[in-house]
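For reference, the structure discussed in these notes is given below.
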Amino acid sequence: MGKHDHSHQEHSGDSLMDAASASLIAAGEQWTNMRADVFEELARHEKPASAYDIADNLSAKRGKRVAPNSVYRILDLFVTNNLALRVESSNAYLANSHPGCTHDCIFLVCDDCGEATHVDSDDVSRTVRAIAEQRNFAARRPVIEIRGICASCT
Ligand SMILES: [Zn+2]
Ligand SMILES: [Zn+2]
Ligand SMILES: [Zn+2]
């Protein structure tokens, strides 16, 4: 874990659902049933989930077909509002365990089992952002992912 000069809170289970809905509502968006279902499904996954994975599970749960496109739009909204994190190298998403605070999260992605471990260290991203700034590049979202083999796969 990185150093935090604010009261950083990691959530799980019901408290994560509450923190996610509170964040989305605070951003002026609605917490619809569909959005709640997508978030719940995302939070159930330990490994990064694709829009297709979530659409398949939701279709089964709701007993009617949920289009991956509509799931994708919701995931996009979640990423914009810090409810979900996109793991670029896996083309998949994770529920953000800290929807109340913004970090440049670092992911350790296992090439064997696909698990993405989430680490918060703003030290690294501060350096990365400074490099972009020196070139007058407006950094929006540094993507820092480390591919390798996790402890349980070695
Ligand atoms: Zn924090
Ligand atoms: Zn994080
Ligand atoms: Zn692994």
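The values are calculated or read from the model by the stated rules, or taken from the named source; none is laboratory data. Bear in mind the structure is a predicted one, so any value in this text is a computation, not a measurement. With ideal geometry, Cβ positions are generated from the backbone for all residues, glycine too; neighbour counts draw on all protein chains shown. Ligands, DNA and RNA are stripped out before the accessible areas are found, and what is left, the full protein with its side chains, is counted by its heavy atoms. Shrake-Rupley method; radii C 1.70, N 1.55, O 1.52, S 1.80 Å.
Yes/no per residue for (1) over 26 Å from residue 34 (Cα atoms); (2) out of contact with any helix residue (DSSP H, G or I) (no Cβ under 6 Å at 6 or more places or on another chain); (3) of a type in the set (D, E, K, R):
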| site | (1), (2), (3) |
| --- | --- |
| 56 | no, yes, yes |
| 95 | no, no, no |
| 104 | yes, no, yes |
| 108 | yes, yes, no |
| 119 | yes, yes, no |
| 122 | yes, yes, yes |
| 125 | yes, yes, no |
| 130 | yes, yes, no |
Within the range 48-69, is even one residue in contact with a Gly (Cβ under 6 Å, 6 or more places away or on another chain) and either in a helix (DSSP H, G or I) or under 22 Å from residue 115 (Cβ atoms) (or both)? no
Can you tell me which residue is nearest to ligand 1 (Cβ to nearest atom) among those in the range 134-145 that are open to solvent by 90 Å² or more (accessible area, probe 1.4 Å) and closer than 20 Å to residue 119 by Cα? 141
Qualifying positions in the range 70-92 - in contact (Cβ under 8 Å) with a residue 24 or more places away in the chain and farther than 15 Å from residue 37 by Cα: 81, 82, 85, 87, 88, 89, 90, 91, 92
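Kindly provide the set of residues from the range 119-133 that are under 13 Å from the mean Cα position of the chain (by Cα) and buried (at least 18 other Cβ atoms within 10 Å of the Cβ), ordered by number. Don't jump to the end; show me each part of the working.
Here is the first cut: in the range 119-133, the residues under 13 Å from the mean Cα position of the chain (by Cα) are 119-120.
120 - this is the single residue of the range 119-133 that is under 13 Å from the mean Cα position of the chain (by Cα) and buried (at least 18 other Cβ atoms within 10 Å of the Cβ).
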What do you reckon, is residue 124 within 16 Å of ligand 1 (Cβ to nearest atom), in contact with a Gly (Cβ under 9 Å, 6 or more places away or on another chain) and outside any loop (DSSP other than H, G, I, E, B)? yes
Whether any residue in the range 73-83 is open to solvent by 90 Å² or more (accessible area, probe 1.4 Å) and in a helix (DSSP H, G or I) is what I want to check. yes
Expected single match for at negative phi and surrounded by 21 or more Cβ atoms within 10 Å (Cβ to Cβ) among 60, 67, 92 is 92
Here are 67, 43: which of them is touching a strand residue (DSSP E or B) at 6+ places or on another chain (Cβ under 6 Å), free of Cβ contacts under 8 Å to residues at least 60 places away in the same chain and over 10 Å from residue 92 (Cα atoms)? 43
Tell me, which residue of the range 95-117 that is open to solvent by 40 Å² or more (accessible area, probe 1.4 Å) and part of a strand (DSSP E or B) is nearest to ligand 1 (Cβ to nearest atom)? 117
